[in-house]
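Quick note: the coordinates plus some simple rules give every number you see, no bench work behind them. This one's a predicted model, so the numbers in the text were calculated from it and none came from an experiment. Here the Cβ positions follow ideal geometry from the backbone for every residue, glycine too, while neighbour counts run over all protein chains shown.
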Amino acid sequence: TKIAIFASGSGSNFAALEIACREGELDAEIVLVMTDKPASFVVERARQADIRAVALEQNAFPSKREFEEALIAILQEAGVEWIVLAGYMRLIGPTLLDAYPSRIVNIHPSLLPSFPGKDAIGQAIAHGVKVTGVTVHLVDEGMDTGPILAQAAVRVVEGNPEMTAQAIHAVEHVIYKEALQSLFTSEMKCKA
Ligand code: GRF
């Protein structure tokens, strides 16, 4: 299964998936990393892993539609079958959704539908929940709203946002590869 990872940040989820592919836990090939933030650390991580990094900024295009059309051309040319969002901070528009219907996956650091959007960990802590978690879901036109594929709960470490965030990221790095692996295997069974 050929996948593209979209990321705008540190890329720790990219790194976890890259290891999982290399070690045979995830039957997928990361053909490219796409970022809308050329300065993000994920670009350096992709370079280290010898994976092509594509940096495309939306504001270099007259519209979101044209930005996504340029992206689609690159993805199709590379044979990308699934798009895996890992800290990509931009809402996917109808153009890209139509090109990859039900083939875009996202990971979000909360138990959706609680705390969608930015800074989900901060939102959960500010709300005073005792348990939060991680959600892997298919992407639709909404913000963190698509069908849920997998979830895991993580206990909030009282008075320690850093440790809470660390615990959430550690769970992300396990649940994402597992959810993707079962998604890709069930797809292969359907095809067979
Ligand atoms: C993760 O918490 C992910 O759930 C969210 O953005 C963060 C990306 O972290 N969507 P990283 O760049 O993979 O380290």
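Pairs exceeding 31 Å between alpha-carbon atoms, taken from Lys130/Lys191; Lys130/Lys189; Lys118/Lys177; Lys37/Lys130: Lys130/Lys191; Lys130/Lys189; Lys37/Lys130. Here the label points at Thr95 and Val157, each 7 Å from Cα along the C-beta direction, are separated by 4.3 nm in the simple model.
Taking 0.36 nm per residue of separation and subtracting the current Cα-Cα distance, fully stretching the chain between Glu77 and Thr145 would add 21.6 nm.
By other beta-carbon atoms within 10 Å, ranking Ile5, Ile168, Ile19 with the fewest at the front produces Ile19, Ile168, Ile5. Taking amide hydrogens as placed 1.01 Å from N in the peptide plane, the amide H of Leu149 sits under 5 Å from those of Val136, His137, Leu138, each at least 5 positions away in sequence or on another chain. For the chain, the alpha carbon convex hull comes to 117 Å³ per residue, rounded to a whole number.
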